[in-house]
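Chemist: Would you mind keeping the following structure in view while I ask a few things?
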Amino acid sequence: MHENLQITAFSLLVAAAGTALILPGGIALGWLLARKTWPGKALVETLVALPLVIPPVATGLILLKLFGRNGIFGAWLSQTFGVDIVFTWKAVVLAAAVMALPLLVRTVRVAFEEVPTRLEHVARTLGSGPWRVFFTVSLPLAARGICAGGVLAFARALGEFGATVMIAGFIPGETVTLSLGIYHHVQLGQDDRALVLLVISAALAFAAVAVSEYLLRRRDRAS
Amino acid sequence: MNLVFDQVQFSAGRFLLEISTSVEGKAIGLFGDSGAGKTSTVELLAGLRRAQTGKILVDDVVLSDASRRYHLAPEKRSLGYVPQDGALFPHLNVLENLRYGRSASPSANPAFKWDALAETLRITPLLERRITALSGGERQRVALARALLTSPRLLLLDEPLSSLDATHTTSILQMLKTIRDELHVPLIYVSHQPEELVALCDHVIVLDRGRITAIGQPSQIFEPCSAFRYRRKSPPSAPST
């Protein structure tokens, strides 16, 4: 029971941290994709969408190569800050963030696209600069869509398995999430323990998707 | 108000908008069919679009000059812009919409007093209402008040009456005359309804697929018959045949 609580709490924390990590960048990127034309836009769109279409273990392998001790980012982080990522809780957060990013960016992009540009134009003529227009018109009007995207990203991060197992491994008390716990118990033939974690996972995912749907429905009604 | 478009060109999607003229008046109308370039012209004036070539001036103030790559930002032009549906912010109530413009413009002219505007445009009973609870006419009155509270040097009105019934049209037209004559705010008024332009404007520019085809007083532009058919004139530079 204690172990299940610990795994559930860890999974929730990891999903929340992963979502929080990508939220500012995801909002900025979603806005840039919705409102601006810039060189390399198509490339960035493709890169952001990649985790949706390639196998999660492949994404995990890419992250392992980039953030391992000999990887570009891993070596820099280790030498500059003395921080190791792989096979720690930080790797779990990283995997959750990367896998959740496409869902967040796509939802945020649509949310900004649905904000009528004429409202932003009128705000400019009323004396507001681009930043004030963003924070007083664009962001509030896209807020429900952004929240829905955040909840979807959180749900995706909560269920992450393939990339996590590649970059974080299975270290009890350190990197074990609900998904990894279920897999581990099944491997050991402990189906009853896996079932408990399954029920917890399903309940959390159901709640997250229900909240997201509620927010999107409210946005549709408002628009 | 003196409005100058000096060799202005702007690619407006389906056609190239090419305007070069100088007009003076208290209320200047832009007339033409849908897709003639009226809204693009207003957006160029408001600074929401950038002309590829040419210069735009209002009362000798340069708003944009493509040759010098100069483009005054929309928030610094002091031009009130009221689009077709008023474009009120749906996440704010009426009072918050009105405050939005005022708070963004610290140098508000005392001539545009809240009380006077509230009375002229009859918006006091609406202040606590949500935007979704307003009728079309009420929306336009609030949008006019919001634009006027920023003390604009002129008002750009893009078909403000197109979605209103006859009663509201008459009422808003009267308010626009008050704004023009008593608040002394010049108007640029876009419409494809000759009746509105005759009632409000002292000069009318006729646009057709991005080009000026006629300029003059409404009585010169529109035939004095009930159908309000307007005479098309050749552009000044066109050779006579």
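Chemist: Just to be sure I understand: with springs between alpha-carbon atoms less than 10 Å apart, which residue in A:A163, A:A208, A:A123 has the highest mean-square fluctuation in the Gaussian network model of chain A?
Modeler: A:A123
Chemist: Quick one: divide the alpha-carbon radius of gyration of chain B by 2.2 N^0.38 Å and tell me what you get.
Modeler: Numbers: Rg = 17.8 Å, N = 241, 2.2 N^0.38 = 17.7 Å.
Scaled against compact globular proteins, the figure is 1.01.
Chemist: What is the order of B:L161, A:L216, fewest Cβ neighbours within 10 Å to most?
Modeler: So the residues, fewest neighbours to most, are A:L216, B:L161.
Chemist: May I pose another question? Find the relative contact order for chain A and round it to a whole percent, using C-alpha pairs within less than 8 Å whose residues are 6+ positions apart.
Modeler: Working: 278 pairs, mean separation 64.9, N = 223.
So the answer I get is 29 percent.
Chemist: Just list whichever of A:K41/B:K76; A:K41/A:K90; A:K36/B:K76; B:K26/B:K55; A:K41/B:K38 have alpha carbons separated by over 24 Å in the model shown.
Modeler: Working: A:K41/B:K76 30 Å; A:K41/A:K90 29 Å; A:K36/B:K76 22 Å; B:K26/B:K55 21 Å; A:K41/B:K38 32 Å.
The pairs that break the limit, which is 24 Å between Cα atoms, are A:K41/B:K76; A:K41/A:K90; A:K41/B:K38.
Chemist: Could you state, as a whole-number percent, how many of the C-alpha pairs of region A:145-223 are farther apart than 16 Å?
Modeler: Numbers: 1783 of 3081 pairs.
Summing the P(r) tail past 16 Å for region A:145-223 gives 58 percent.
Chemist: Using the reciprocal of the averaged 1/r over all distinct C-alpha pairs, how large is the Kirkwood radius of the protein assembly as shown in Å?
Modeler: Evaluated on the protein assembly as shown, it is 25.9 Å.
Chemist: Along region B:48-61, what does the Karplus equation 6.51 cos²θ - 1.76 cosθ + 1.60 (θ = phi - 60°) give for ³J(HN,Hα), rounded to whole Hz, x for Gly and Pro?
Modeler: These are the phi-based 3J(HN,Hα) values: 7, 10, 10, 6, 6, 9, x, 9, 10, 10, 10, 6, 6, 8 Hz.
Chemist: May I pose another question? Springs between alpha-carbon pairs under 10 angstrom, Gaussian network model over chain B: which of B:P83, B:P74, B:P186 fluctuates most?
Modeler: B:P74
Chemist: Moving to a separate point now. Calculate how many DSSP beta bridges within region B:91-218 are antiparallel, expressed in % of all such bridges and rounded to the nearest 5.
Modeler: Details: 5 of 9 bridges.
Given both bridge residues lie in region B:91-218, the antiparallel proportion sits at roughly 55 percent.
Chemist: What is the local net charge at B:L148, summed over the other residues whose Cβ is closer than 11 Å to its Cβ (Lys, Arg +1; Asp, Glu -1)?
Modeler: On the way: positive: B:R102, B:K113, B:R141, B:R146; negative: none.
Summing Lys/Arg as +1 and Asp/Glu as -1 gives +4.
Chemist: When the gyration tensor of chain A is built from Cα positions, what are the square roots of 5 times its three eigenvalues, in whole Å, from largest to smallest? It would help to have the intermediate numbers written out before the result.
Modeler: Values: eigenvalues 245, 100, 36 Å².
Output for chain A: semi-axes of 35, 22, 13 Å.
Chemist: At B:N2 and A:L12, where each label point lies 7 Å from the Cα along Cα→Cβ, what is the point-to-point distance in nanometres?
Modeler: In this crude spin-label approximation the distance works out to 7.1 nm.
Chemist: Which percent, to the nearest 5, of DSSP beta bridges fully inside the protein assembly as shown are antiparallel? Before the final figure, lay out the partial values.
Modeler: On the way: 25 of 43 bridges.
Bridges in the protein assembly as shown that DSSP calls antiparallel: roughly 60 percent.
Chemist: Using the Cα gyration tensor of region A:33-77, with a ≥ b ≥ c the square roots of its eigenvalues, what is the shape: rounded (a/c below 1.5), prolate (a/b larger than b/c) or oblate (neither)? Provide the component values of the computation, followed by the final result.
Modeler: On the way: a/c = 4.11, a/b = 1.69, b/c = 2.44.
Oblate is the answer for region A:33-77, as a/c is 1.5 or above yet b/c matches or exceeds a/b.
Chemist: Quick one: putting +1 on the C-beta of Lys and Arg, -1 on the C-beta of Asp and Glu, what dipole do you get for chain B around its Cα centre, in Debye to the nearest 20?
Modeler: 500
Chemist: May I pose another question? Taking chain B as a Gaussian network, where each spring joins two C-alpha atoms under 10 Å apart, which residue of B:G80, B:G32, B:G136 fluctuates the most?
Modeler: Comparing B:G80, B:G32, B:G136 in a Gaussian network model of chain B, the most mobile one is B:G136.
Any read-out appearing in this document is the output of simple, stated calculations on the displayed coordinates, not a laboratory observation. Note that the coordinates shown come from a computational prediction; the quantities given were computed from them, not determined experimentally. Quick reminder, even Gly has a Cβ in these numbers, built from the backbone with ideal geometry, and neighbours come from all protein chains shown.
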